[in-house]
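Student: Handing you this structure, nothing more for now.
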Amino acid sequence: MITNRISQEQFQTVFLEITKKDLPGLHKKFWSFDWKREIKLADRVVYKLTTQENPDVIQGLISWSDLGDHIFINVVESAPFNRSKERLYQGVAGNLFAIACQESFVRGYEGFIVFESKTKLINHYRELLGAQRLGNSIRMFVDTQAANDLIKLYL
């Protein structure tokens, strides 16, 4: 679920693989990442997060790769209106990471996901996701317990 920051109303989320119908709304001027390029890469799967009430509005996007023993998050991004302190909905990033954890369980990887964080977001991901840092690198992971916690909280 995601929560409207103003009204506190909660909305059930839906995860769907991106389709060609979604491509016109993925302009680089609105999104920080080149999602059209991401979709074309053969080793990646891109999912969109929407709500049941409004399935045509993309709340966020996530791209991951199956590395055989864990899911690697290539890119994750909230929609422009869901960024910063003025964001419309809370919980978008948590939902996106939670669905990757769920997919990791489905594939037999015990919920493990790995991603690289911007340095300034490392502490944020520790708090939000229960993620742990690999040494002093920017690479982080979510283990089985944290994955279960994310799924219970968001899905």
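The values are calculated or read from the model by the stated rules, or taken from the named source; none is laboratory data. Bear in mind that the values here come from a model prediction, so they are computed numbers and not experimental data. Here the Cβ positions follow ideal geometry from the backbone for every residue, glycine too, while neighbour counts run over all protein chains shown. Each accessible area value is taken on the protein alone, full model and side chains, heavy atoms only, with ligands, DNA and RNA left out. Shrake-Rupley method; radii C 1.70, N 1.55, O 1.52, S 1.80 Å.
Student: Take the chain, mark every one of the trypsin sites (Lys or Arg not before Pro) that falls in a DSSP loop and has at most 11 other Cβ within 10 Å, then report the longest stretch left between them, sites excluded.
Tutor: Details: sites that count: Lys28, Lys29, Lys85, Lys118.
Looking at the chain, 30-84 is the longest stretch - no exposed trypsin sites (Lys or Arg not before Pro) with at most 11 other Cβ atoms within 10 Å.
Student: Continuing with the same structure: Below 9 angstrom from the Cβ of Met140, what's the summed charge of the other residues (Lys, Arg +1; Asp, Glu -1)?
Tutor: Residues close to Met140 contribute a combined charge of +2.
Student: Mean Kyte-Doolittle of at least 0.0 and a Cα length of 18 Å or more along the axis: which whole DSSP H helices of the chain meet both?
Tutor: Values: long enough: 92-106 (21 Å, 1.23).
The answer, listed by residue number, is 92-106.
Student: Next up: Whole Å is fine, so just give me how far the alpha carbon centre of the stretch 1-77 lies from that of the stretch 124-155.
Tutor: A separation of 19 Å, based on Cα centres.
Student: Please compute the net charge surrounding Thr119, taking Lys and Arg as +1 and Asp and Glu as -1 over other residues with Cβ under 12 Å from its Cβ. Write down the numbers at each step before the final one.
Tutor: Values: positive: Lys118, Lys120, Arg133, Arg139; negative: Glu116.
Taking every Cβ under 12 Å from that of Thr119, the sum is +3.
Student: Treating the stretch 39-91 as a set of equal point scatterers at the Cα positions, no solvent, please give the Debye-formula log₁₀ I(q)/I(0) at q = 0.28 Å⁻¹.
Tutor: -1.06
Student: Could you derive backbone 3J(HN,Hα) for the stretch 42-56 from the dihedral phi with the Karplus parameters 6.51, -1.76 and 1.60 (θ = phi - 60°), listing whole Hz in sequence and x where the residue is Gly or Pro?
Tutor: 5, 8, 10, 10, 10, 10, 10, 9, 10, 10, 4, 6, 9, x, 8
Student: For the stretch 5-155, what is the accessible area per residue in Å², given a 1.4 Å probe and the full set of protein chains?
Tutor: On a per-residue basis, the stretch 5-155 sits at 56 Å².
Student: Below 14 angstrom from the Cβ of Phe15, what's the summed charge of the other residues (Lys, Arg +1; Asp, Glu -1)?
Tutor: Spelling it out: positives minus negatives among the neighbours equals -2.
Student: For the chain, please report how many Lys pairs fall under 13 Å Cα to Cα, leaving out neighbours fewer than 8 apart on the same chain.
Tutor: For the chain, the number of qualifying lysine pairs is 7.
Student: Send over the per residue convex hull volume for the stretch 67-106, Cα only, as a whole number of Å³.
Tutor: Each residue corresponds to 62 Å³ of Cα convex hull volume.
Student: Something else about it: Tell me the GluC sites (Glu not before Pro) within the stretch 52-105 that lie in a loop according to DSSP and have at most 13 other beta-carbon atoms within 10 Å.
Tutor: The qualifying sites are Glu53, Glu86.
Student: Are there any chymotrypsin sites (Phe, Trp or Tyr not before Pro) in the stretch 71-155 that are in a DSSP loop and have at most 13 other Cβ atoms within 10 Å? List them by number.
Tutor: Answer in residue order: no site qualifies.
Student: Give me the percent of Cα-Cα pairs in the stretch 3-121 that sit more than 23 Å apart, rounded to a whole number.
Tutor: 29
Student: Per-residue ellipticity at 222 nm for the chain, helices alone: DSSP H runs ≥ 4 residues times -39500 (n - 2.57), over residue total, nearest 500 deg cm²/dmol? Can you show the working numbers first?
Tutor: Numbers: 4 runs with 40 residues, N = 155.
Computed ellipticity for the chain at 222 nm equals -7500 deg cm²/dmol.
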